[in-house]
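Down below is the structure, laid out as structure tokens.
The values are calculated or read from the model by the stated rules, or taken from the named source; none is laboratory data. Since this is a predicted model, take the numbers as computed values, not measurements. A quick note on method: Cβ atoms are made from the backbone with ideal geometry, for glycine too, and the neighbour counts reach across all protein chains shown. Side chains included, ligands, DNA and RNA excluded: accessible areas come from the protein's heavy atoms. Shrake-Rupley method; radii C 1.70, N 1.55, O 1.52, S 1.80 Å.
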Amino acid sequence: MLILVLGATGYLGGHIAEGLRALPGARVLVGGRSPGADVPVDLASARPRDLAAALAAAAPDA
């Protein structure tokens, strides 16, 4: 299962992503402002169409 965690480079999101990575069969994508994010998106300034395009490109299951 491919799981996208928005804000995964932050404090809370980082803990959530870590817990999800421990699940068998889970693959976690990191979404956020960090240059190392798998899905680069800034939720504070992204337009809805830009966010929709990023989500479509990543095609996560959850």
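For the chain, which whole percent of the accessible surface, found with a 1.4 angstrom probe, sits on carbon and sulfur atoms?
About 60 percent, which is the carbon plus sulfur part of the accessible surface.
So what's the net charge close to Ala26: Lys and Arg +1, Asp and Glu -1, counting the other residues with Cβ under 13 Å from its Cβ?
0
Report the rotationally averaged projected area of the chain based on its alpha-carbon convex hull, in square nanometres.
Numbers: hull surface 16.0 nm².
If you wrap the Cα atoms of the chain in a convex hull and average its projections, you get 4.0 nm².
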